[in-house]
1. Could you tell me whether any residue of region C:156-164 is more than 10 Å from every other protein chain (Cβ to nearest Cβ), hydroxyl-bearing (Ser, Thr, Tyr), more than 17 Å from the chain's Cα centre (by Cα) and more than 28 Å from C:TRP437 (Cβ to Cβ)?
2. Collect the residues in region B:192-208 that are more than 22 Å from the chain's Cα centre (by Cα) and either in a helix (DSSP H, G or I) or closer than 29 Å to B:LEU308 by Cβ (or both), keeping them in residue-number order.
3. Hey, does region C:362-377 have a residue that's touching a His at 6+ places or on another chain (Cβ under 6 Å) and not acidic (Asp, Glu)?
4. If you scan region B:233-250, which residues turn out to be surrounded by 21 or more Cβ atoms within 10 Å (Cβ to Cβ) and at the interface with chain C (Cβ under 7 Å from one of its Cβ atoms)?
5. Taking the condition of being open to solvent by less than 10 Å² (accessible area, probe 1.4 Å) and either basic (Lys, Arg) or not in a helix (DSSP H, G or I) (or both), how many residues in region B:156-177 meet it?
6. Taking C:VAL292 as the residue in question, decide whether it is within 16 Å of C:HIS342 (Cβ to Cβ) and β-branched (Val, Ile, Thr).
7. Output the residues belonging to region B:347-394 that are within 14 Å of chain C (Cβ to nearest Cβ), open to solvent by 40 Å² or more (accessible area, probe 1.4 Å) and part of a helix (DSSP H, G or I).
8. Select from region C:17-45 the residues that are open to solvent by less than 60 Å² (accessible area, probe 1.4 Å), assigned to a helix (DSSP H, G or I) and within 7 Å of chain B (Cβ to nearest Cβ) and list them in ascending order.
Amino acid sequence: MNTNIRIKLPVVCFTWQIAMIILFGVFVRYDSESDAHWPETMIQNNITSNTENDFYYRYPSFQDVHVMIFVGFGFLMTFLKRYSFSAVGFNFLIASFGIQWALLMQGWFGSLDPSTGKILIGVENLINADFCVAGCLIAFGAVLGKVSPVQLLVMTLFGVTLFAVEEYIILELLHVKDAGGSMVIHAFGGYYGLTISRVLYRPRIHQSKHLQGSVYQSDVFAMIGTLFLWMFWPSFNSAIAYHGDGQHRAVINTYLCLAASVLTTVAISSLSQKTGKLDMVHIQNSTLAGGVALGTAAEFMVSPYGALIVGFLCGILSTMGYIFISPFLEKNLKIHDTCGIHNLHAMPGLIGGIVGAITAATANELDYGKQGLINTFGLTGKLQSRSPSTQGGYQAAGICVALAFGIVGGAIVGGILRLPIWGDPADENCYDDEVYWEVPEEDEENPDSIPPILEYNNHMIHKQQEM
Amino acid sequence: MNTNIRIKLPVVCFTWQIAMIILFGVFVRYDSESDAHWPETMIQNNITSNTENDFYYRYPSFQDVHVMIFVGFGFLMTFLKRYSFSAVGFNFLIASFGIQWALLMQGWFGSLDPSTGKILIGVENLINADFCVAGCLIAFGAVLGKVSPVQLLVMTLFGVTLFAVEEYIILELLHVKDAGGSMVIHAFGGYYGLTISRVLYRPRIHQSKHLQGSVYQSDVFAMIGTLFLWMFWPSFNSAIAYHGDGQHRAVINTYLCLAASVLTTVAISSLSQKTGKLDMVHIQNSTLAGGVALGTAAEFMVSPYGALIVGFLCGILSTMGYIFISPFLEKNLKIHDTCGIHNLHAMPGLIGGIVGAITAATANELDYGKQGLINTFGLTGKLQSRSPSTQGGYQAAGICVALAFGIVGGAIVGGILRLPIWGDPADENCYDDEVYWEVPEEDEENPDSIPPILEYNNHMIHKQQEM
Amino acid sequence: MNTNIRIKLPVVCFTWQIAMIILFGVFVRYDSESDAHWPETMIQNNITSNTENDFYYRYPSFQDVHVMIFVGFGFLMTFLKRYSFSAVGFNFLIASFGIQWALLMQGWFGSLDPSTGKILIGVENLINADFCVAGCLIAFGAVLGKVSPVQLLVMTLFGVTLFAVEEYIILELLHVKDAGGSMVIHAFGGYYGLTISRVLYRPRIHQSKHLQGSVYQSDVFAMIGTLFLWMFWPSFNSAIAYHGDGQHRAVINTYLCLAASVLTTVAISSLSQKTGKLDMVHIQNSTLAGGVALGTAAEFMVSPYGALIVGFLCGILSTMGYIFISPFLEKNLKIHDTCGIHNLHAMPGLIGGIVGAITAATANELDYGKQGLINTFGLTGKLQSRSPSTQGGYQAAGICVALAFGIVGGAIVGGILRLPIWGDPADENCYDDEVYWEVPEEDEENPDSIPPILEYNNHMIHKQQEM
């Protein structure tokens, strides 16, 4: 296999970045809250305080989400013994590309100013771009170690495109609520990645088996990713929720749900081993399943114990997924899932969609109040006659749309990625940073301690052989 | 010793999580600011902007505190060479359990709605739950490496319970101010942990001596914990302070106090070695002592130079604690304190209580203004006649309550933990992740570089022996 | 060389910390928003909500900046194989000292209350102190591994002093805008450090060549620094921007600019190697250049595509700097730049100044609105007649002032640092933590796996030698 990407990677990066500049030049402008005309907007709309600028409602959550995308996802994938550079570095690359393309795609579908044909962006668009990229980073987890950075960029280009269309259908056309993206982000991203991994299946991947595991330090690095994802997930699920009680409630629900996930993950992980030892893979991943599964319903009145129940179940199911489902998928369906995104994103995403549909269908004025019901589900204008149970039906339809986009889109993109032009690694070079990175030589690590002895021994042995 | 926890750990996790779900179902609901009826509440209370929702005052601080609890405490304890999985992982487990139980305990004592018998929770309750758990994580530091995860869960269950009662007595009954928890969190948690460690004293712990130290990488990992604690401590001390100037002032004071601690820690650490070399243990821990010691007084008008003085002294005392007091405690009182929590939490917590009592007793209308004095000390209703010097007396009483709860509670819980049913490690297996974790095999780390030489040498030597 | 700092370092730390306490006692008080008299201030100024306290506008950004200073800069410099303790630890020390001195120096020049002679501090002062220290930490990068902690403290003392004067001239006297500090922080700090490095040039530094590189783990640690700098740079550039649209716009611009930098950095890095492999040095550093280069113009109406163009160019130039300029500087100008701060800070800082001057000169009422133009450039009072093109001229003058202060100041301070009294390391001991830190012994790392074999071999060989 030719893994020389010296021309391919720079050409793709430059072409795309120049395209971004041109398209942003044509289409993208500041929205009214980030434009220097804001003081005039304040007077026109009788806004008396800068605190009403959406920036102050959303910026702290945005920064938390930003950390999840770059440190959370990036470090979570550093668990492999010799693939940490790629995990963090490629995550960085594709997220940086993806957010630009997402601003355009989501802008065309969602925030195009009809009078000027311009996309007007503010802090909420930045959050949505980060969300969109999350879908592609999830998909990255399924193919981690088995593709080239050029393939990842192609995957991201199509992934963001599909995401924006899917999101438009689900959120705008069907008017489904999915603030934390159980369906739109996690189910879509999960099945998109799994389908691509299926299409790119390598029957001889066992040739890299010696690199497909962790070492002590890499597992600790991965916990940095886990914890930042876990801690900031309340921000993720509340970042674009309704101002006030919506954001507030989404945080409480996610906080509780994640806490419950940790306990049941530990329980099942311990149960799964003969002597009750814990498995780092479970702790790194399944503890997060609750956050995924509350993505849709976080802003609803699920009540605190409802959030705990969701977390309780998802910790169990996700950990069992690592024990039973992942081996099954690999053996029987030829789906090799490096990070186990099926257990962390795809399956909990579906659960999240279902939880959302049920809680939406059972919503009522007693629990929400008249105005609360309208605000939470956005049932204004021509939607004001939609009943909660109808909303529940639409929510369920949203799950299907996300699934369909993930699987069909993944199959097509997987086909494109099979073309022998992308510089992907040979079966025996998977999970190895050496293929795409200048890696410092390890034998220089402790020049003072180990190597001298080794060299000395070596030298002695050669001398002895000569004797 | 039987360290098989395959039944114990899952049973405890499941039982407790199910109990949490039931108790939350019976008791816990959203408060008015996180309930969907908030739009109606706004109208009733003539609130014109969502920015007045407590969420926007407190959420950024909450997230910082959350990082301190999970990354700060977790990584600070990764310094041991082979106990990083346990440090981060058990910290994650007991904090996740503890915050749920804390919401209940603190709710019953503090925010029970008398008309409905429900606990109403909002963002401030989440912060308080994180605070409560901090006490237990401090105690964890004293016994790090010497107990099983089951023991840690038991310790946390009782720790949270004791904390909630102690907090109720200090903050509600005595009406003592302690926004950053010098007494309530640090002194209590410190002495609770130290007493438990005393009761669990292992005379033959030296059998694990080879694992009771750091390696280069583990010290760097621990600095992640140190820095996130240090950076976000201003948020910790201000998170539940009075809106406006209270939060603002608590941040400034803590920021200054911590900066001073760093300089004196470095000075004493350098002085303590023959050639002036710095000791990572001091830098990792004593630099934080200023934050602890300003926990009570952070929101008071201690003035910027007052904050510097507190930090100056605490850096010195805490570092000297590592040099002189810890060895003394171990040798003479049989208190083995793995992380040195006496120097970082217990002693600075007492200092913090004293600083708080003095600054409260000397508060006056000139410095605070009439309304400022009332706001800062909450002297309204039937407390409006309490003078600053009386308040100072109550503050001093608070120290005693925290101490008493820590020591008496620790003795009782330590007794419970001595029962031979908890799966704790043998003396020679302390500080070793292998006991409770599936640890990746190290000899596979660099399959291409070191092992071949080693194997080759080994092989040669065997051949030579045969000769 | 005598690297014993047992007296020097403690004396310097104690002297300075005591000086700080005295000076703070004389000069520093809380400002009106952090003083307990705030409730009265609210009434006097007809402020109806605590949300108007500047704390709530600025605190989330402050905490992000704080993370950049301590974790960002600290971990970015951990890339060397045996200098991680020093990177993180000395960064911690000099930042903690620097912020105190900065509050005083910036206070005397900027926020002295004329009636009382007191410096009144609030959250904005804390941000500015962090900014000021950033300049010194940049300079640290140039001399990393080649100086003693005492020299670093001296460098910081003078660096902060020079910074405060330079900042006063640029921001106050010339009324130049530089919210993210392209000129004031990055160009100044960069040239200050490079000039010092020139003066301290060591012709025999190659004697430490074996330590002047990274190992696998240290490169991953450095990515923690890179990512936290990258993610929070939007907060850096917006932290002291104008409330409302100013902060909002600065975030959007910086976010976009940084994303573009990543793509062009990857492209050039890949192009620079025969087989297209990526170089961690480039990814760790040049991806950040866009943030530096938008420091001045982030709050201006550069428009989203303008931000992308700046990032595009800076990613290219910065990476090329590592490939071509750094070797040139070392070989021809005898400027050895350990971290490559010329490519990450100095040069992008100059570019940022130029971008700022051009965008200021072309500002107009059509783009900004009448009030927007006044707010963005602060053209009130006696400046109300200053035209945008005049402002552009002043902006250009600001670049020259920053450069002059950096180079002249660096030359003088470099001369002071050459005195043979500071305990700096010998040429063969550079980049080595052992000189100033108690470093844990490495051969104890894996007591169960490698050492026994090594010891066994060693033992065998000795026996064989005896034969």
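The values are calculated or read from the model by the stated rules, or taken from the named source; none is laboratory data. The structure displayed is predicted, hence computed values, not measured ones. When we count neighbours, we look across all protein chains shown, and the Cβ atoms used for this are built from the backbone with ideal geometry, even at glycine. The area values use the complete protein model at the heavy-atom level, side chains included, leaving out ligands, DNA and RNA. Shrake-Rupley method; radii C 1.70, N 1.55, O 1.52, S 1.80 Å.
1. Quick first cut of region C:156-164, residues more than 10 Å from every other protein chain (Cβ to nearest Cβ) only: C:156-164.
Filter again for hydroxyl-bearing (Ser, Thr, Tyr), leaving C:156, C:161.
Going one step further and asking which of them are more than 17 Å from the chain's Cα centre (by Cα), we end up with none.
No, because not a single residue in region C:156-164 is more than 10 Å from every other protein chain (Cβ to nearest Cβ), hydroxyl-bearing (Ser, Thr, Tyr), more than 17 Å from the chain's Cα centre (by Cα) and more than 28 Å from C:TRP437 (Cβ to Cβ).
2. B:ILE205, B:HIS206, B:GLN207, B:SER208
3. Of the residues in region C:362-377, the ones touching a His at 6+ places or on another chain (Cβ under 6 Å) are C:369, C:372.
Pick out the ones that are also not acidic (Asp, Glu) and you get C:369, C:372.
Yes: region C:362-377 contains one or more residues that are touching a His at 6+ places or on another chain (Cβ under 6 Å) and not acidic (Asp, Glu).
4. We begin by selecting, within region B:233-250, every residue surrounded by 21 or more Cβ atoms within 10 Å (Cβ to Cβ); these are B:233-242, B:244-250.
Answer for region B:233-250, where residues must be surrounded by 21 or more Cβ atoms within 10 Å (Cβ to Cβ) and at the interface with chain C (Cβ under 7 Å from one of its Cβ atoms): B:SER235, B:GLY244, B:ASP245, B:GLN247, B:HIS248, B:ARG249.
5. Just the residues of region B:156-177 that are open to solvent by less than 10 Å² (accessible area, probe 1.4 Å), to begin with: B:156, B:159-160, B:163-164, B:166, B:170, B:176.
Add one more test, that the residue is either basic (Lys, Arg) or not in a helix (DSSP H, G or I) (or both), and what stays is B:176.
Total satisfying the criteria: 1.
6. Numbers: within 16 Å of C:HIS342 (Cβ to Cβ): yes; β-branched (Val, Ile, Thr): yes.
So C:VAL292 fits the description; yes.
7. Filtering region B:347-394 for residues within 14 Å of chain C (Cβ to nearest Cβ) gives B:359-360, B:362-380, B:388.
Within this subset, residues satisfying the condition of being open to solvent by 40 Å² or more (accessible area, probe 1.4 Å) are B:362, B:364-367, B:370-371, B:374, B:380.
Selection gives B:GLU365, B:LEU366, B:ASP367, B:LYS370, B:GLN371, B:ILE374.
8. Result: C:GLN17, C:MET20, C:ILE21, C:PHE24, C:GLY25, C:TRP38, C:PRO39.
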